[in-house]
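Everything on this sheet refers to the single structure shown next.
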Amino acid sequence: MALIERPLYTVSSKAAIQLDIDQPLVDRIWINGLNSLTPPTLDRGTFDVQEFGKVSLTVAGLPLFGMMSCGGNFIFGDAGQSNLANKLVLQTEFTNMAVYLLRDLSDYTNDIIMLPDLANDPESKFQVKQVSPGAGNVNAVYPGTFEFTAEGLMVYTTVHLSDVGGPDITFTAGTPDTITDASSRFVTSGFESGMTLYIEDTAGTGTNFRKMGVIDTVAAGTLTMEEDNNLVTDAVGSATYILRAGKFGV
């Protein structure tokens, strides 16, 4: 009996947005009320080149990092939605937001998270463009929409490795930096050369919390990074570390 081939897809019903990811897990803020999410677009504008007596050409211009948006139920007083309104009023540029295209509460290794790719584009960031409560009526709740500029390269992390049950993961600053796993899980977990690596720490206290870099080579027990002395040597490790990695755009 032949196996049924099924299409690859990401279920959008498990999307979520988390703010203040530079804080310990207990202090981070989820934006409540959301039921739609549109990731940022990548686009290239066009322009026409014209000359007398010759055929005109339409030429593609430089890449344009577009808008992202989310929407759902407007909740007055919600900490996450209020946080976005404050960022808009204060014209805040920020990088500490994680956009979960897929958040799997039963298995974090299925998560797909979009973050500013500060390893390849140190100026990458978000800004809030619009916070818009919609019109309510007697048979509905107030809707709301939120728009952001995604200014620069983003990384979509699709590979994850937790140190829960360890600590097995240690960090060594050097030329280049290296990360080792005593359980040799890097290859089987899906880490690859060229991926951007993001170091998560649910306690928010690790010496390498929120460090980002680009993976140069991958062995079962060692990641060798492209960067020199970007990491802080930590031979003890921590059971609260999660390594997340992915690619997009480079």
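Read-outs throughout are calculated quantities, based only on the coordinates presented, and are distinct from any laboratory measurement. The structure displayed is predicted, hence computed values, not measured ones. Positions of Cβ are generated from backbone atoms using ideal geometry, with glycine treated the same way; all protein chains shown enter the neighbour counts.
Helix 79-89: angle to the longest alpha-carbon principal axis of the chain, degrees 0 to 90, nearest 10? Value to nearest ten degrees: 60.
Helical content alone sets the calculated 222 nm signal of the chain at -1500 deg cm²/dmol, taking -39,500 (n - 2.57) per DSSP H segment of four or more residues and averaging over every residue. Size descriptors for the stretch 159-250 (Cα atoms only): Rg and Dmax, in that order, 11.6, 34 Å. Inter-part distance, the stretch 185-227 to the stretch 21-59, computed on C-alpha centroids, equals 27 Å. The residue list Phe171, Phe126, Thr217 was ranked by how far each Cα lies along the charge dipole of the chain toward its positive end, using unit charges on Cβ atoms, and Phe126 comes out on top. Each Lys and Arg adds +1 at its Cβ and each Asp and Glu adds -1 at its Cβ; summed about the Cα centre, the stretch 159-250 shows a dipole of about 220 debye. Please compute the contact order of the chain in relative form: average sequence separation of alpha-carbon pairs under 8 Å and at least six residues apart, divided by the residue count, as a percent. Over the chain, the number comes to 18 percent.
For the chain, lysine pairs with C-alpha atoms less than 19 angstrom apart, excluding pairs fewer than eight positions apart on the same chain, total 5.
Computed about the Cα centre, the dipole magnitude for the stretch 11-152 is approximately 360 debye when only Lys and Arg (+1) and Asp and Glu (-1) carry charge, each at its Cβ. Seen through its C-alpha gyration tensor, with square-root eigenvalues sorted a ≥ b ≥ c, the chain comes out oblate because a/c lies at 1.5 or above while a/b is not bigger than b/c.
From the Cα gyration tensor of the stretch 11-152, with a ≥ b ≥ c the square roots of its eigenvalues, which class applies: rounded if a/c is under 1.5, or else prolate if a/b is larger than b/c, or else oblate? In terms of gyration-tensor shape, prolate.
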